[in-house]
Structures are given as structure tokens and as C-alpha cells.
Amino acid sequence: MNVRQGSLEDGARTTRPHEHVHKDTGSTHTDTQSRVPPSRVRSRKLGYMDAYIKRVVLFVQQHLGDDRTGHDVAHAYRVVQLALRIIELMPEVEAARVNRRLVQCAAWVHDVIDPKVAVDVQATETELRAFLETLDFTEAEVDEIFFIITHMSFSKNIESRVPLSLNGQIVQDADRLDAIGVIGVARALYYGGAHGDVLYDPAVAPRVLADESEYREPGTVINHFYEKLFQLKDLLNTDAARQIGEKRDLKMHSFVDDFRAEWEGSDVTDA
Ligand code: ADP
Ligand code: NI
């Protein structure tokens, strides 16, 4: 994975200093984000981070390790960074309602149980649930993480939109932001290559997708922009993500406009 050294430290800093009382004293915890002491460890590739985050990253690496279709660990990493950025950009009163630790963890694991990634979805779900329980999330928090990651994808929301908690809206926005902009362009080209799809065919019109199975039928890479990627900025939940999304959407439109102009040779003007 090609992430810069120490880059997780920003994420780790968003976890509040731990104020928790040890379990053996019998006291209860008041703050869900402080349940795990953020003891710092160092990873050769990722720099210093909270020990529990390192465990999450290792779990995700084991499951997404060799994915080449756009669901690799680097994608999960970017979604985490975007989610934290969205929280930073939120008004304070709204950000105070966010469970950062839950958001961060959901963002890391969001693709692990995706049927395109997991060989055995049910077994992976069982494994993920057991793993999250070892991180000291409450049952309600584990349920929320599962609800988020099983309902947030574009394909699950084609027929009707599934309402998500604020935590879920942030993770969904972050995942969608990573599908647009220049990285979105790169991922679409990469996905098309990995699946042997045609790059562009002016004779094939973009489809209006009615359900998830139609979404999975092969089309052209350029049509994917019209069928999905150009819609994403209007599907974002939070104002913070919309700010980022507007900019990324413009870059993506400019790529497709330039692509089509070069295809037709209309970028060459008569001197
Ligand atoms: P979701 O998690 O919403 O179901 P996908 O798994 O379908 O999203 O998409 C993962 C990445 O692959 C995204 O960046 C997406 O734009 C890209 N992608 C998905 N389908 C295609 C396609 N038919 N052509 C090009 N890129 C695609
Ligand atoms: Ni994703």
C-alpha cells in the first residue's frame, strides 16, 4: 500500500484523550470514544497510530489485501481520511453528535463484506462481528456499523434511498467522494481495465439504471460517468461533503469533456 508515512496520525488525534475508568473498578464508561485506551504503536508502513486502529488496519489488509477492482486498503484509507475531514468541516453542534471512533472504524471496514470482495460473505460477516466485539464496541455500535456498511453503497440505493444515521451519512459521503474527482476517474479506468470493459463507444447510449442487477451488467467506462458518477454529488448527505463534491465533480466533467473532444479530434482548432 502506498500511503505516506505517519499519515494516520491525523486520524488518531481525533480520538479524544481517554478518560475511561478501568473495568475492574466496576465503573461504567461515559464516553464511547474513550473506551479503548489510545496506546500508541508504530507501523512500518503507516507510522504512529492508536493500537486499536492498527488492529483494524491489519484486519482490513487481510481481507482486501490483493483487491484490484477499486476496493483495496488504499481506498479504505482515503475514505477514513475523507470522513474525518467531513467531521472537521461540520458545524460544531453537528460534529458533537458524531461518534468519531465508530465512523473511523466503519470507514476502514466498509468494503470487507462486499460480495465483490468477500469470497464467503456470511463467514466474513461473522468474523467481522467477532472482531468488532474485541474492539470494545457495544452491541448497538456493532449493529450500527453493520447497518451502515450493508446499506451505504450506490447499488443498494438505486431503487429507493435507505435512511442512514449521521455516522452512516458521513461514511457514505466519504465513500462517494472517493468515487469522484481525479481519483474517481482513475478508479473507473482501473475498474474498466480489470473487468475487460470497452473504454468508450459513441454508439452505445448511457443507461438509466433501474436496479442493482442492471448496474452490474457491463457497459462502457465513459458511460459509467453518466450512469453513476455524475449523479453522486447530488446524492451527498452533508454540506461538508457537498463542498468537496462540487470541486471533484467539475474535475470529472472536465475529464469527460476533454476525452470526448479528443476522441472526435475537435480539440484541434484550425490555425
Ligand atoms: P458501490 O460500493 O457503490 O457498489 P462499486 O463497488 O460498484 O461501488 O464501485 C467501486 C469503484 O469502481 C468505484 O470507483 C466505481 O466508480 C468503479 N466502478 C464500478 N462499476 C464500474 C463500471 N462499470 N465501469 C467503471 N468503473 C466502475
Ligand atoms: Ni468503498
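The values are calculated or read from the model by the stated rules, or taken from the named source; none is laboratory data. Only a predicted model underlies this, so the values are computations on that prediction, with no experimental measurement involved. Positions of Cβ are backbone-derived with ideal geometry, glycine not excepted, and every protein chain shown enters the neighbour counts.
Here are a few things to note about the model shown:
- Within the stretch 85-105, none of the residues are within 16 Å of ligand 1 (Cβ to nearest atom) and in a helix (DSSP H, G or I).
- Within the stretch 95-133, the residues that satisfy the criterion of being under 18 Å from ALA51 (Cα atoms) and β-branched (Val, Ile, Thr) are VAL103, VAL109.
- Failed item in (1) within 13 Å of ligand 2 (Cβ to nearest atom); (2) in a loop (DSSP other than H, G, I, E, B), with TYR191 passing the rest: (2)
- ASP111 meets each of the listed conditions (1) surrounded by 21 or more Cβ atoms within 10 Å (Cβ to Cβ); (2) away from ligand 1 (no atom under 16 Å from the Cβ); (3) without any contact (Cβ under 8 Å) to a residue 60 or more places away in the chain apart from (2).
- For ILE113, the stated conditions hold: it is aliphatic (A, V, I, L, M), within 16 Å of ligand 2 (Cβ to nearest atom), in a loop (DSSP other than H, G, I, E, B) and within 18 Å of PHE59 (Cα to Cα).
- When the stretch 218-246 is limited to residues that are outside any helix (DSSP H, G or I) and either in contact with a Lys or Arg (Cβ under 8 Å, 6 or more places away or on another chain) or of a type in the set (A, V, I, L, M) (or both), the one that is modelled with the lowest pLDDT turns out to be GLY219.
- Among the residues listed as ALA118, ALA130, ALA106, the single one being more than 16 Å from LEU236 (Cα to Cα), more than 16 Å from ligand 2 (Cβ to nearest atom) and among the small types (Gly, Ala, Ser): ALA130
- Residue, farthest from GLN172 (Cα to Cα), within the stretch 81-91, restricted to residues that are of a type outside the set (D, E, K, R) and away from ligand 2 (no atom under 11 Å from the Cβ): PRO91
- Considering VAL256, VAL204, VAL208, the condition of being among the β-branched types (Val, Ile, Thr), modelled with pLDDT of 95 or more and within 16 Å of ligand 1 (Cβ to nearest atom) is satisfied by VAL256 alone.
- Residues within the stretch 71-83 that are of a type in the set (Gly, Ala, Ser) and buried (at least 20 other Cβ atoms within 10 Å of the Cβ), tallied: 2
- Top-ranked residue of the stretch 159-188 - restricted to ones that are outside any helix (DSSP H, G or I) and buried (at least 17 other Cβ atoms within 10 Å of the Cβ), ranked as nearest to the chain's Cα centre (by Cα): ASP178
- Positions within the stretch 176-193 being more than 8 Å from ligand 1 (Cβ to nearest atom) and at pLDDT below 95, in sequence order: GLY193
- Close pairs from the stretch 68-88: first β-branched (Val, Ile, Thr), partner in a helix (DSSP H, G or I) and near ligand 1 (Cβ under 10 Å from one of its atoms), Cβ under 6 Å, at least 6 apart: THR69/TYR191; THR69/ALA194; VAL79/ASP175
- ALA210 vs. criteria assigned to a helix (DSSP H, G or I) and either among the small types (Gly, Ala, Ser) or surrounded by fewer than 20 Cβ atoms within 10 Å (Cβ to Cβ) (or both): no
- Residue satisfying all of: in the stretch 126-165; among the polar types (S, T, N, Q) and closer than 23 Å to GLN231 by Cβ; modelled with the lowest pLDDT among these: SER160
- Residues in the stretch 92-132 that are among the small types (Gly, Ala, Ser) and either over 20 Å from ILE170 (Cβ atoms) or over 16 Å from the mean Cα position of the chain (by Cα) (or both): ALA95, ALA96, ALA118, ALA123, ALA130.
- Among the residues of the stretch 116-158, those that are of a type in the set (Ser, Thr, Tyr) and not in a helix (DSSP H, G or I) comprise THR138, SER153.
- Near pairs, Cβ below 9 angstrom, 6+ apart or cross-chain, from the stretch 157-176 (away from ligand 2 (no atom under 12 Å from the Cβ)) to any residue that is modelled with pLDDT of 95 or more and of a type in the set (Ser, Thr, Tyr): LEU166/THR238; GLN169/THR238; ILE170/THR238
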